[in-house]
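The values are calculated or read from the model by the stated rules, or taken from the named source; none is laboratory data. Small disclaimer: the values here were computed from a predicted structure and weren't measured. Neighbour counts run over all protein chains shown; Cβ positions are idealised from the backbone, glycine included. Each accessible area value is taken on the protein alone, full model and side chains, heavy atoms only, with ligands, DNA and RNA left out. Shrake-Rupley method; radii C 1.70, N 1.55, O 1.52, S 1.80 Å.
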Amino acid sequence: MKKVAVVVGANGNIGTAVVKALVKDGYEVDPVWTGRNRPDVRLASSYENLPPKIDLAVYVAGITHNDKTEELAEDKWDEVIDTNLKGAFLFAKAAFNAMKEAGQSAFIAMSSINATHPYPNRIAYSASKAGIEGLVRELAVEWGKHGIAAHAIRLGHLSEVMRSSVLNNEVLEGIKSKTPSGKLIPAWAVADYISWLGKGNAQYVSGSVVNFDAAYTIN
């Protein structure tokens, strides 16, 4: 029987790469989240028809608004928090029984270096990603007895810029200069890591957050 994966946020740079890697590994990826008319990640109703068995649940959906804290509108705050954090909670909650049914499964969510090294004008984004890290730690503690691992990827700068983010070439060159290798992270590298986690290795890093930033933040 094929393993089953659900990738929420499957149409972004990372999500597309993750789906490609998992299909290559022989997973059956839930098509509900890969099409154009995918559900709204912020609504509990969007997760009502998940597969009955889920081996790998991946939450990579995310947006940001770059505004000064004192100028950030409440609706923009809500949009970022609901998309980046509330959606992950709703997904995990809805997927629990299906992940438990799999026997050994994993919930993987995307954090960001902004959780620990916040950039200016990203209050909602930084808060949401810090919340993701707390969420996966809690899931690891609660759900380990059911064979469910939880893990977060604290992602640095991708070579493919996030669609809702704005970075000019000068900033990108500055980032590269502070990365020891001088290279940004390709989406396929993140996908390959998630693929490795799905092979059962998530069990051994459950509750942890990996710095996936090529030593940028420690340099």
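A few notes on this one:
- Candidates Asp75, Asp40, Asp82 - the one that is surrounded by 13 or more Cβ atoms within 10 Å (Cβ to Cβ) and not hydroxyl-bearing (Ser, Thr, Tyr): Asp82
- For the range 56-63, the criterion of being in contact (Cβ under 8 Å) with a residue 24 or more places away in the chain, outside any strand (DSSP E or B) and open to solvent by 60 Å² or more (accessible area, probe 1.4 Å) is satisfied by no residue at all.
- Subset of the range 207-219 that is aliphatic (A, V, I, L, M) and assigned to a loop (DSSP other than H, G, I, E, B) - its residue that is surrounded by the most Cβ atoms within 10 Å (Cβ to Cβ): Ala214
- Options Glu160, Glu138: the member that is open to solvent by 50 Å² or more (accessible area, probe 1.4 Å), modelled with pLDDT under 95 and charged (D, E, K, R): Glu160
- Restricting attention to the range 1-23, the residues that are part of a loop (DSSP other than H, G, I, E, B), in contact (Cβ under 8 Å) with a residue 24 or more places away in the chain and over 12 Å from the mean Cα position of the chain (by Cα) add up to 3.
- The single residue among Lys53, Lys3, Lys24 that is among the charged types (D, E, K, R), under 23 Å from Pro186 (Cα atoms) and either out of contact with any strand residue (DSSP E or B) (no Cβ under 9 Å at 6 or more places or on another chain) or crowded, with 16+ Cβ neighbours inside 10 Å (or both) turns out to be Lys24.
- Subset of the range 171-206 (residues that are under 25 Å from Arg137 (Cα atoms) and in a loop (DSSP other than H, G, I, E, B)): Lys199, Gly200, Val205, Ser206
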